[in-house]
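For reference, the structure discussed in these notes is given below.
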Amino acid sequence: MFGAPPRRTAPGRPLTTSSGSGRAVRPPGWPDQVRPPGAPDWETTAVGWLLDLCPPEYRSYPALRRHAVVLARFAVLHVEACQSAVNQGLSEARGGLREVVEASVVEAAVETWQRESARLIAVRRAVGLVEEALRGRRFVERL
């Protein structure tokens with residue numbers, strides 16, 4: 001009758017609810033470019049943002065453009081593949097580059113991989129939140 005009870009992270013701390021409170025909430029890590037779940041046309045902003053994250057070819061697939069939740073799953077996997085590539089690049093940078101470039105260039109490459117890794121961690125969180133919202137999860141404000 002009243003919907004499912006909210007999930008909780010700690011006693012008295014609601015995380016999500018399946019019944020909307022009527023107020024659109026952006027959880028921490030939600031992308032600025034995407035309107036909060038429940039806001040008018042939020043799915044349209046989500047699709048645009050997700051397509052911007054993915055390879056340009058994804059725009060040509062009708063199934064991805066018509067089904068936001070499928071696009072979100074593709075985006076999650078794409079970002080995770082990028083994370084894997086960054087981790088591999090970081091693990092191989094010093095050994096694979098030291099014979100072809102100066103030490104300062106190797107260190108600059110390592111720093112670049114580290115920055116990209118940090119950026120992708122935030123992107124992965126944001127993509128995951130958007131996917132969860134497209135699957136029906138609603139977020140409530142914590143007090």
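The values are calculated or read from the model by the stated rules, or taken from the named source; none is laboratory data. Remember, it's a predicted structure, so these values are computed and weren't measured experimentally. All Cβ positions, glycine included, derive from the backbone under ideal geometry; neighbour counts span all protein chains shown.
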Pick from segment 125-141 the residues that are under 10 Å from the mean Cα position of the chain (by Cα) and buried (at least 18 other Cβ atoms within 10 Å of the Cβ): which of them is nearest to Leu71 (Cα to Cα)?
Glu131
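Could you say which residue among Glu57, Glu43 is loosely packed, with under 12 Cβ neighbours inside 10 Å, over 16 Å from Leu120 (Cα atoms) and not polar (S, T, N, Q)?
Answer to the selection: Glu57.
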Give segment 54-88 a look and list any residue that's over 17 Å from Leu129 (Cβ atoms), touching a helix residue (DSSP H, G or I) at 6+ places or on another chain (Cβ under 7 Å) and small (Gly, Ala, Ser), or say none.
Ala63
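Here is a yes/no grid of residues against (1) among the β-branched types (Val, Ile, Thr); (2) within 29 Å of Val47 (Cα to Cα); (3) without any contact (Cβ under 8 Å) to a residue 40 or more places away in the chain; (4) in contact with a Cys (Cβ under 8 Å, 6 or more places away or on another chain):
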{"site": "Ala72", "(1), (2), (3), (4)": "no, yes, no, no"}
{"site": "Leu77", "(1), (2), (3), (4)": "no, yes, yes, no"}
{"site": "Gln83", "(1), (2), (3), (4)": "no, yes, no, no"}
{"site": "Gly95", "(1), (2), (3), (4)": "no, no, yes, no"}
{"site": "Val100", "(1), (2), (3), (4)": "yes, no, yes, no"}
{"site": "Ala108", "(1), (2), (3), (4)": "no, no, yes, no"}
{"site": "Arg115", "(1), (2), (3), (4)": "no, yes, yes, no"}
{"site": "Ala118", "(1), (2), (3), (4)": "no, yes, yes, no"}
{"site": "Arg125", "(1), (2), (3), (4)": "no, yes, no, no"}
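For (1) modelled with pLDDT under 95; (2) among the aliphatic types (A, V, I, L, M), each residue gets a yes or a no:
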| residue | (1), (2) |
| --- | --- |
| Ser21 | yes, no |
| Val25 | yes, yes |
| Asp32 | no, no |
| Arg35 | no, no |
| Pro56 | no, no |
| Arg94 | yes, no |
Filter segment 27-51 down to the residues that are part of a helix (DSSP H, G or I) and in contact with a Pro (Cβ under 8 Å, 6 or more places away or on another chain) and list them by number.
Trp42, Trp49
Could you check segment 85-114 and list, in sequence order, the residues that are surrounded by fewer than 11 Cβ atoms within 10 Å (Cβ to Cβ) and in a helix (DSSP H, G or I)?
Gly95, Ala103, Ser104
Please tell me if Ala63 is modelled with pLDDT of 95 or more, assigned to a helix (DSSP H, G or I) and over 15 Å from the mean Cα position of the chain (by Cα).
yes
